[in-house]
2 protein chains.
Amino acid sequence: MINCSKERLQDKIQTFSQFGDTGNGGITRLCFTEPELQARAEFKRRCEALGMEVKTDDVANMYATLKGTEDLPAIAMGSHLDSVIKGGNYDGVLGVLTGLEVAETIVKEGIKTRHPITVIAWTNEEGSRFGPAMMCSGIITGKFDEATMMASKDKEGVTFKEALEASGYKGNQSNRFKADDYKAFFELHIEQGPVLEAEGKEVAVLGGVVGMVNYEFITRGQANHAGTIPMPMRKDALYAMTAVIQYLHDELDKLDSKLVYTTGEFSGAPNVHTVIPDYVRITLDSRHQDPEVIKQVVDVIHAVPKEMHGCPVTYREQWARNTVHFDPALVNLAEETVKELGYSYKVMYAGAGHDAQFIADIVPSAMLFVPSDTGYSHCEKEHTPVEQCWKGCNVLLNTVLALDKK
Amino acid sequence: MINCSKERLQDKIQTFSQFGDTGNGGITRLCFTEPELQARAEFKRRCEALGMEVKTDDVANMYATLKGTEDLPAIAMGSHLDSVIKGGNYDGVLGVLTGLEVAETIVKEGIKTRHPITVIAWTNEEGSRFGPAMMCSGIITGKFDEATMMASKDKEGVTFKEALEASGYKGNQSNRFKADDYKAFFELHIEQGPVLEAEGKEVAVLGGVVGMVNYEFITRGQANHAGTIPMPMRKDALYAMTAVIQYLHDELDKLDSKLVYTTGEFSGAPNVHTVIPDYVRITLDSRHQDPEVIKQVVDVIHAVPKEMHGCPVTYREQWARNTVHFDPALVNLAEETVKELGYSYKVMYAGAGHDAQFIADIVPSAMLFVPSDTGYSHCEKEHTPVEQCWKGCNVLLNTVLALDKK
């Protein structure tokens with residue numbers, strides 16, 4: 001067993017926390033914005049300084065490769081550099097920086113690997129600027145229609161395609177991640193939940209990623225002056241949506257206790273204090289490991305009353321993902337490595353989506369989690385002590401080196 | 001009794017409906033935007049063509065005056081040219097256009113009035129771009145702090161002061177509407193409610209404007225990843241606000257049946273489908289003629305639970321207005337005029353706020369309503385048949401001429 005450098009890892013985390021710094025302990029680093037381009041440039045600079053060759057594919061996924069001693073497929077690690085609005089300094093970027101630290105350790109320690117070692121930064125994982133999430137691992141694995149993705153717009157009406165072409169990181173389609181070129185893909189990530197901390201575990205080896213569905217709900221009322229319409233004659237889309245949200249909570253809370261669901265996005269019109277709302281839209285995100293429970297969620301959605309407080313209610317599935325199971329041999333190898341390192345651990349399923357769940361379709365994949373303080377994520381309070389990041393990185397390093405011998 | 005011209009009035013309504021045309025039967029004509037400046041220019045052009053002198057004061061209120069034969073204070077009429085987002089072609093502008101038609105009838109019929117006749121367009125009545133509503137009648141009557149108003153910002157961060165100075169309509173403070181210069185102010189407006197139509201009345205003479213309070217409510221949760229936090233550990237600000245809205249409906253519905261209340265404005269953060277909402281804000285607008293009922297509303301607000309679903313709930317009064325009673329002599333004169341014209345009418349109180357309620361503080365004032373089809377207002381469906389507009393205009397004309405003789 002060999003260890004990577006805690007000091008170097010700390011420096012990487014510190015450096016990247018500046019790109020999109022909100023001033024409140026977090027970052028806003030949306031896909032192809034200036035802070036995200038700064039993070040890409042720093043990643044490229046550091047990889048090239050280690051003698052790695054950096055390529056980008058046609059959707060700006062970045063691949064930094066250290067040559068191996070034999071003509072073999074590469075062992076890859078990575079995650080993403082973008083964040084949600086007012087996100088933290090660990091979600092995504094830690095998977096890139098631990099990959100980089102693994103490569104740096106290999107170089108600095110003079111280790112010769114048989115397989116090439118590749119560190120990957122996937123484009124637009126969060127989907128916070130251009131929906132959906134995990135867009136570019138999804139494009140290259142055929143999960144999403146490419147033309148639809150190119151037309152995806154941000155809130156200012158800029159398309160993904162326009163931002164991609166302006167980014168300077170659009171490369172050749174021939175550079176895309178392909179099954180024949182890679183032996184394995186590993187993604188280290190923060191847990192983004194409270195389980196590891198609550199159970200006092202240092203690391204998690206993931207068996208897979210839970211399935212999910214995402215729906216939108218729309219209520220339509222009648223805009224009218226706030227002061228002149230008697231209450232019984234009103235059609236208030238916001239009051240109607242209030243009833244929809246309460247209905248969802250009442251019914252979904254009857255299902256399995258491990259089910260999670262979130263109404264995270266909401267908007268409406270005309271959104272003026274003196275006017276009755278006539279249009280409200282929300283999203284419902286719902287996740288569970290068991291497809292049977294997800295089916296029950298969809299049954300609840302189908303049973304939502306078609307009218308609430310006189311306003312029509314409509315819904316539409318936006319996307320869905322089945323539960324993904326990672327490669328048993330890689331999961332086993334990672335578990336053996338954690339045991340040898342003597343860290344406490346558990347095997348669990350991820351609640352959040354990750355690029356690795358798409359990559360798992362074409363190349364054997366696995367994931368590692370490190371704990372999140374208080375379970376906070378997708379917020380500025382997101383934090384993992386460097387000691388924990390370093391231990392996760394050591395698991396990643398030694399799993400990669402063990403696989404390199406096979 | 002003399003009548004104004006239905007054709008000319010129709011032409012005015014038609015012409016002004018082009019400024020900010022949404023293409024769906026309505027307009028978006030926010031204060032000092034291009035469409036609103038076009039409406040101002042057209043108003044000025046038409047007034048000057050009638051030989052009226054047009055002045056603006058330091059907050060861009062516009063005053064177009066036809067000379068009288070004697071050195072007497074003016075009789076004024078008017079309303080506003082701005083609209084809400086996706087508003088209609090009658091709210092506000094009809095009060096300016098009927099004033100203009102009264103002046104045009106006086107000119108075209110060769111009538112000599114003893115008093116000067118002034119048509120006024122008040123700036124930023126809706127408050128849809130720069131809050132609050134009725135800003136500039138409020139400034140000149142001392143209802144609002146001028147420095148605070150100047151700093152009021154639109155959603156892009158532009159201040160009212162900046163937009164005012166760029167408008168080209170900022171004039172001298174000495175041109176402001178003053179008590180000594182005016183004998184009376186009349187405002188004709190659409191009802192913006194269903195009462196006149198339901199009761200088959202052609203016109204309303206207003207006894208006053210009901211009082212109101214406007215509060216904001218804020219819930220604060222904890223942003224976190226949608227997939228990883230067990231439901232019992234969540235603090236969801238949107239779910240908390242849902243409970244606040246339901247509480248308000250449950251409690252306010254127990255009060256007098258003529259009470260109206262509206263949660264019209266709503267926003268939140270981070271507003272991403274994969275993140276639990278941590279901040280939601282709504283406004284509550286509530287109106288009733290009886291101050292005792294408004295007091296009961298405030299009691300309900302004070303009793304809203306301080307925490308909902310684990311999220312702190314806070315509230316704050318944004319503004320309040322007492323019930324305003326119009327000048328009894330003018331109300332009586334208008335009522336006599338309607339009777340002589342033979343139109344069906346009722347005396348009622350306005351539910352919406354109007355510039356006349358501020359002006360009533362310094363000069364005797366009164367208002368007229370014409371019916372709104374289906375009660376629709378503050379929306380693109382807002383409509384009043386020209387026949388009804390014309391009858392209201394005839395009441396305005398003959399009331400002004402009757403007052404001129406006194």
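The values are calculated or read from the model by the stated rules, or taken from the named source; none is laboratory data. Since this is a predicted model, take the numbers as computed values, not measurements. Note that we place each Cβ from the backbone using ideal geometry, even for glycine, and neighbour counts take in every protein chain shown. Surface accessibility is based on the protein's heavy atoms, side chains included, excluding ligands, DNA and RNA. Shrake-Rupley method; radii C 1.70, N 1.55, O 1.52, S 1.80 Å.
Okay, here's what the table says:
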| read-out | value |
| --- | --- |
| Total residues in the range B:150-189, condition in contact with a Gly (Cβ under 8 Å, 6 or more places away or on another chain) and among the aliphatic types (A, V, I, L, M) | 1 |
| Subset tally (residues that are free of Cβ contacts under 8 Å to residues at least 12 places away in the same chain and either under 17 Å from B:VAL400 (Cβ atoms) or buried (at least 20 other Cβ atoms within 10 Å of the Cβ) (or both)) for the range B:310-351 | 2 |
| Pairs where the first residue, in the range B:196-225, is under 24 Å from A:VAL275 (Cβ atoms) and the second is open to solvent by 20 Å² or more (accessible area, probe 1.4 Å) and aromatic (Phe, Trp, Tyr), C-beta under 6 Å, 6+ apart | B:GLY208/B:TYR349; B:VAL210/B:TYR349; B:ASN214/B:TRP319; B:TYR215/B:TYR315; B:PHE217/B:TYR315 |
| Answer residue from the range B:285-309, given it is charged (D, E, K, R) and either open to solvent by 20 Å² or more (accessible area, probe 1.4 Å) or touching a helix residue (DSSP H, G or I) at 6+ places or on another chain (Cβ under 7 Å) (or both) and is modelled with the lowest pLDDT among those | B:ASP290 |
| Residue list for the range A:367-406, filter: of a type outside the set (Val, Ile, Thr) and in a strand (DSSP E or B) | A:MET367, A:LEU368, A:PHE369 |
| Positions within the range A:320-371 being aromatic (Phe, Trp, Tyr), more than 14 Å from chain B (Cβ to nearest Cβ) and under 17 Å from the mean Cα position of the chain (by Cα), in sequence order | A:PHE326, A:PHE358 |
| Any pair with Cβ under 7 angstrom, 6 or more apart, that starts in the range A:126-139 at a residue that is acidic (Asp, Glu) and ends at one that is part of a loop (DSSP other than H, G, I, E, B) | A:GLU126/A:ASP82; A:GLU126/A:SER83; A:GLU126/A:VAL84; A:GLU126/A:ALA133 |
| Candidate set from the range B:51-75 (those that are free of Cβ contacts under 8 Å to residues at least 40 places away in the same chain and out of contact with any helix residue (DSSP H, G or I) (no Cβ under 8 Å at 6 or more places or on another chain)); member that is least open to solvent (accessible area, probe 1.4 Å) | B:GLU53 |
| Given (1) at pLDDT 95 or above; (2) outside any helix (DSSP H, G or I), index of the condition B:ALA352 fails | (1) |
| Residue count for the range B:9-47, restricted to those that are crowded, with 23+ Cβ neighbours inside 10 Å and among the acidic types (Asp, Glu) | 1 |
| Residue match in the range B:268-284 (condition: open to solvent by 20 Å² or more (accessible area, probe 1.4 Å), of a type in the set (A, V, I, L, M, F, W, C) and at the interface with chain A (Cβ under 9 Å from one of its Cβ atoms)) | yes |
| Count of the range A:85-106 residues which are within 24 Å of B:ALA223 (Cα to Cα), in a helix (DSSP H, G or I) and open to solvent by 10 Å² or more (accessible area, probe 1.4 Å) | 0 |
| Flag for B:GLU199 being in the same structural domain as B:SER344 (by TED's automatic domain parsing) and modelled with pLDDT under 95 | yes |
| Of all residues making up the range A:171-201, the number that are open to solvent by 40 Å² or more (accessible area, probe 1.4 Å) and in contact with a helix residue (DSSP H, G or I) (Cβ under 6 Å, 6 or more places away or on another chain) | 0 |
| Strands (runs of 3 or more DSSP E) wholly inside the range A:178-257 that include at least 1 residues being more than 11 Å from every other protein chain (Cβ to nearest Cβ) and among the charged types (D, E, K, R) | A:182-190, A:211-220 |
